[in-house]
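Peer 1: Sharing a structure with you now.
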Amino acid sequence: MQHGIPNYRTVQGQAKPKSGSIWNMYKRIFFQVRSQWGLLVIAAVSIIAVSLLEFVIPQLSQYTIDRLIPEKRYDGLVWIALGVLGTAVLLAIFNYLSSIVMATIGQNAVYQLRNQLYRHLQMLDVSFFDRNRTGDLMSRVTSDVGMLQQLVSSGMMSIVTDLFTFIAVAAYMMWMDWQLTLVVLATFPVMIITTRFFSKRIRAAFKKIQESVAEVTNHLQDTLSSIRLMKSFSTEEYETERFAVRSRNNMNANIAAVKLRAVYEPIIDMLIFAGLAIVLILGAKGTMDGKLTVGTIVAFLAYLRLLQNPVRRFSRTLNTIQQSAAAYERIMEILETKSKVVEKENALELANVRGHVQFHDVSFAYNTGVPVLDQFNFELEAGKVTAIVGSSGAGKSTITHLMTRFYDPQQGSITIDGHPLTDVGLASLRRQMGIVSQDIVLLNGTIRENMVYGKPDATDEEVEAAARAAHAHDFIMSFPLGYESPIGERGVKLSGGQKQRLSIARAILKDPRLIILDEATSSLDTESEKAIQDALVHLLADRTSLVIAHRLSTIQRADRIFVLDKGQLLESGTHESLIANGGKYKQLYELQFPQKQSEPV
Ligand SMILES: Nc1ncnc2c1ncn2[C@@H]1O[C@H](COP(=O)(O)OP(=O)(O)OP(=O)(O)O)[C@@H](O)[C@H]1O
């Protein structure tokens with residue numbers, strides 16, 4: 001770690017992936033496209049055709065030198081010319097076919113992999129997103145997948161053609177002159193050892209590059225999404241410097257990779273020329289001794305080129321391969337992460353529930369050793385308004401997170417209408433619930449798009465009715481575009497109160513059986529709050545609702561109030577009975593309404 005930048009080497013909480021090797025990468029890419037067998041057949045045929053056609057031109061050269069020239073057969077030259085030309089045309093056609101088909105297959109595989117990665121990310125539980133930073137995850141879906149795309153589009157899939165040609169040519173050369181071939185092949189183990197030596201290092205260098213890209217993305221994501229905070233604290237210079245540090249790390253990582261490549265490629269070239277020199281010298285000697293014909297030497301040199309071409313090409317593209325392998329490893333880290341909140345097979349599909357929720361001896365901690373709820377028992381009566389109050393950090397929001405199964409408790413169980421939450425389908429559970437939380441999340445889109453997010457088929461009349469119920473219709477209509485007004489990223493074009501009313505309207509439109517209001521009225525002025533309170537009375541009627549509010553004035557009408565402190569239930573009852581009890585609730589109430597201390601409620 002440098003300059004205090006967090007380490008993104010692995011997905012937090014996840015071991016290094018087992019399947020990050022190049023071999024696995026290729027296997028996976030091809031496995032993804034096994035259904036496109038038609039294309040695969042075309043690719044295989046083209047590859048074999050290219051490899052066989054590569055033999056023809058050296059053969060023609062040998063024939064010209066050894067037979068046509070000595071025999072002065074002028075007529076044969078035309079046929080040779082036609083043969084070379086015909087082979088070249090066929091080579092061009094099959095090369096074109098194999099690259100286009102391989103690229104299509106590869107791009108298709110990468111496309112599927114990216115979608116699979118995104119789907120997998122969506123399926124991971126909330127705690128995964130607590131542990132990992134958004135920018136880092138974004139860079140895995142964009143830049144890392146982009147690396148693989150580069151691999152498949154840069155004709156890297158031709159490595160298969162190269163490998164096939166290499167084996168075929170080597171076998172043919174052995175048949176022609178096994179002694180000379182063995183001498184030539186002696187340079188290849190050296191090449192393999194050199195390649196292995198550099199491969200590991202180049203891959204590590206590229207992993208560093210990808211990590212540094214993740215750091216840059218993270219920084220961008222953090223700062224651009226909180227640009228107002230930055231400006232209000234005048235931290236533009238500070239953030240620019242922090243960005244420069246990350247950017248410099250990226251530059252250094254790139255330079256380190258280039259340095260490795262700069263050493264590796266010339267070494268391979270040198271070995272290739274050494275092979276060429278061996279053939280030239282031994283071949284010339286063999287010809288002088290009368291053991292070989294000139295044509296054989298010329299053909300042999302041509303075959304040697306065919307043998308060496310794939311090696312040279314491979315050494316040039318080793319960078320791309322290693323870069324992709326590093327990226328692939330980072331992708332696999334996510335794909336191999338298992339969600340902690342899992343849906344049972346054949347999970348129960350909840351139809352309309354009554355909404356009776358019970359917590360049985362629930363213990364929960366976000367981080368081991370820091371319990372938030374301890375042996376907690378709690379009941380949400382169907383059709384009633386239940387409220388939770390308690391000091392900040394007491395665990396109120398945590399209760400809602402457990403009800404929605406954003407997290408699962410470590411001990412105890414939670415039931416809805418008697419069914420353990422773990423037996424119920426996640427989507428069907430969440431469909432029953434409408435959440436209006438203190439962190440209002442709005443999407444970049446129009447007001448209407450945001451409202452219908454939980455009910456995409458809502459009619460205009462339903463949308464308007466929900467907006468009216470949430471006292472949002474008037475402010476919406478005050479915008480020139482009404483319901484079609486864009487609200488900007490995270491709803492920046494709306495005031496705090498407007499955002500709240502919009503999120504309440506969204507929950508009303510979804511029409512869930514169970515409503516969770518977490519600090520729902522916290523940023524409304526007194527007038528809007530009154531209006532919202534009225535709307536809520538209608539909304540909450542005939543539903544089960546859980547209201548979490550700091551301002552006790554908002555929950556006095558609740559059927560039951562639970563007082564929570566440090567994850568423990570202190571007392572419960574109605575507003576009147578709790579005041580009469582003279583416990584924690586009365587203390588909290590008197591703190592908020594000192595003037596009412598001596599008044600009867
Ligand atoms: N994602 C998280 N990861 C780790 N700890 C968390 C996480 N969310 C909350 N906590 C911790 O759990 C405890 C309970 O938090 P919770 O949000 O439930 O409190 P709360 O009663 O809703 O507080 P407030 O009224 O201030 O919103 C706090 O100590 C908080 O720091």
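Peer 1: To test your reading of the geometry: what angle, between 0 and 90 degrees and rounded to tens, separates the Cα axis of helix 74-123 from the longest principal axis of the chain?
Peer 2: Result, in degrees: 20.
Peer 1: Just to check I understand the Karplus step: with θ = phi - 60° and J = 6.51 cos²θ - 1.76 cosθ + 1.60, what whole-Hz values come out for the range 227-241, glycine and proline as x?
Peer 2: Taking θ as phi minus 60°, the curve returns 4, 5, 4, 4, 5, 5, 9, 6, 9, 4, 4, 4, 5, 4, 5 Hz for the range 227-241.
Peer 1: By counting other Cβ atoms within 10 Å of each Cβ, how are Phe166, Phe562, Phe197 ranked from fewest to most?
Peer 2: Going from least to most buried by this count: Phe197, Phe166, Phe562.
Peer 1: I need the calculated FRET efficiency for the pair Gln568 and Arg228, taking r as the beta carbon distance and R₀ as 35 Å, to the nearest 0.05.
Peer 2: Working: r = 38 Å, r/R0 = 1.09.
For R0 = 35 Å, the calculated efficiency reads 0.35.
Peer 1: Extension gain Lys200-Val56, at 0.36 nm per residue separation less the Cα-Cα distance, in nm? Write out the running numbers ahead of the final one.
Peer 2: Details: separation 144, 0.36 × 144 = 51.84 nm, distance 3.75 nm.
The Lys200-Val56 span can extend by a further 48.1 nm.
Peer 1: Among the listed pairs Lys208/Lys493; Lys396/Lys455; Lys231/Lys586; Lys208/Lys340; Lys344/Lys586; Lys384/Lys455, which are separated by more than 32 Å between their Cα atoms? Mind showing how you got there, number by number?
Peer 2: Numbers: Lys208/Lys493 39 Å; Lys396/Lys455 28 Å; Lys231/Lys586 42 Å; Lys208/Lys340 29 Å; Lys344/Lys586 44 Å; Lys384/Lys455 24 Å.
Where the Cα-Cα span goes over 32 Å, the pairs concerned are Lys208/Lys493; Lys231/Lys586; Lys344/Lys586.
Peer 1: While we're here: Between Leu220 and Leu348, what is the FRET efficiency for a Förster distance of 45 Å, r being their Cβ-Cβ separation, to the nearest 0.05?
Peer 2: Numbers: r = 43 Å, r/R0 = 0.95.
The value I calculate is 0.55.
Peer 1: Let me ask something else. Report the residues of the range 205-235 in range of a label on Glu241: point 7 Å along Cα→C-beta, backbone N strictly under 13 Å from it.
Peer 2: Only 235 fall inside the zone, counting backbone N under 13 Å.
Peer 1: Using a 10 Å cut-off around each Cβ, can you sort Ile399, Ile297 from fewest to most neighbouring Cβ atoms?
Peer 2: Numbers: Ile399 29, Ile297 21.
Ascending Cβ contact count within 10 Å gives the list Ile297, Ile399.
Peer 1: Could you work out the helix-only [θ] at 222 nm for the chain, with each DSSP H run of four or more residues adding -39,500 (n - 2.57) and the total divided by the number of residues, to the nearest 500 deg cm²/dmol? Each step should come with its number before you reach the end.
Peer 2: Working: 21 runs with 355 residues, N = 601.
After summing the helix terms and dividing by the residues of the chain, the value is -20000 deg cm²/dmol.
Peer 1: Applying a 10 Å radius around every beta-carbon, put 320-332, 264-276, 304-316 in order of their mean neighbour count, most first. Spell out each step's value before the answer.
Peer 2: Details: 320-332: 24.5, 264-276: 16.3, 304-316: 19.2.
Result, highest mean first: 320-332, 304-316, 264-276.
Peer 1: Pull up the DSSP beta bridges for the chain and report the antiparallel fraction as a percent, rounded to 5. Provide the component values of the computation, followed by the final result.
Peer 2: Numbers: 19 of 38 bridges.
Looking only at bridges with both residues in the chain, the antiparallel portion is about 50 percent.
Peer 1: Could I ask something else about it? With θ set to phi - 60° and the Karplus curve 6.51 cos²θ - 1.76 cosθ + 1.60, what are the ³J(HN,Hα) couplings of the range 31-36 in order, to the nearest whole Hz, using x for Gly and Pro?
Peer 2: 4, 4, 10, 4, 6, 8
Peer 1: At a Cα cut-off below 15 Å, give the aspartates and glutamates reachable from Lys207, other chains included and same-chain residues fewer than 8 away excluded.
Peer 2: Asp136, Asp144, Glu215, Glu329, Glu333
Peer 1: Next question. At R0 = 51 Å, how high is the FRET efficiency between Lys340 and Asp460 if r is their beta carbon distance? Nearest 0.05 is fine.
Peer 2: Values: r = 41 Å, r/R0 = 0.80.
About 0.80, to the nearest 0.05.
Peer 1: Then there's this: All other residues with a Cβ under 12 Å from the Cβ of Gln112 taken together, and with Lys, Arg as +1 and Asp, Glu as -1, what is their net charge? Don't skip to the answer; put the middle values down first.
Peer 2: Values: positive: Arg28, Arg34, Arg114, Arg119; negative: none.
Neighbour charge sum, excluding Gln112 itself: +4.
Peer 1: What's the exposure ranking of Leu421, Leu91, going from fewest to most Cβ atoms within 10 Å?
Peer 2: Values: Leu421 20, Leu91 16.
Exposure proxy ranking, most exposed first: Leu91, Leu421.
Peer 1: Nearest 10 degrees, 0 to 90: what angle lies between the long axis of helix 294-335 and the longest principal axis of the chain (Cα atoms)?
Peer 2: With both axes taken from Cα atoms, the answer is about 10 degrees.
Peer 1: Here is a further query. Collect residues whose amide H, placed 1.01 Å from N in the peptide plane, falls under 5 Å from the amide H of Val424; neighbours closer than 5 in sequence don't count.
Peer 2: Hits under the 5 Å cutoff: Leu348.
Peer 1: Taking the Cα centre of the chain as origin and charging only Cβ (+1 Lys, Arg; -1 Asp, Glu), how large is the dipole, in debye to the nearest 20?
Peer 2: 2240
Peer 1: Right, something else. Where does the charge balance sit around Met123 when Lys and Arg score +1, Asp and Glu -1, over other residues with C-beta under 11 Å from its C-beta? Please list the in-between numbers first.
Peer 2: Working: positive: Arg119, Lys338; negative: Asp125, Glu343.
After counting each charged neighbour, the total is 0.
Peer 1: Using modelled backbone amide H atoms (1.01 Å from N, in-plane), which distant-in-sequence or interchain residues come within less than 5 Å of Ile561's amide H?
Peer 2: HN-HN under 5 Å from Ile561: Ala387, Gly573, Thr574.
Peer 1: All other residues with a Cβ under 9 Å from the Cβ of Gly390 taken together, and with Lys, Arg as +1 and Asp, Glu as -1, what is their net charge?
Peer 2: Numbers: positive: Lys396, Lys566, Lys584; negative: Asp565.
Value of the local net charge: +2.
Peer 1: If one takes the longest principal axis of the Cα atoms in the chain, at what angle in degrees, from 0 to 90 and to the nearest 10, does the Cα axis of helix 460-469 lie?
Peer 2: The answer is roughly 50 degrees.
Peer 1: Right, next: Around Ser437, which amide H atoms from residues at least 5 apart in sequence, or from another chain, sit under 5 Å from its own amide H, with H modelled in the peptide plane?
Peer 2: Asp518
Readers should treat all values here as calculations from the given coordinates under stated rules, not as data from a laboratory. Just so we're clear, the structure is a prediction, and the values are computed from it rather than from any experiment. Because the Cβ atoms are built from the backbone with ideal geometry, glycine has one as well, and the counts that use them run over all protein chains shown.
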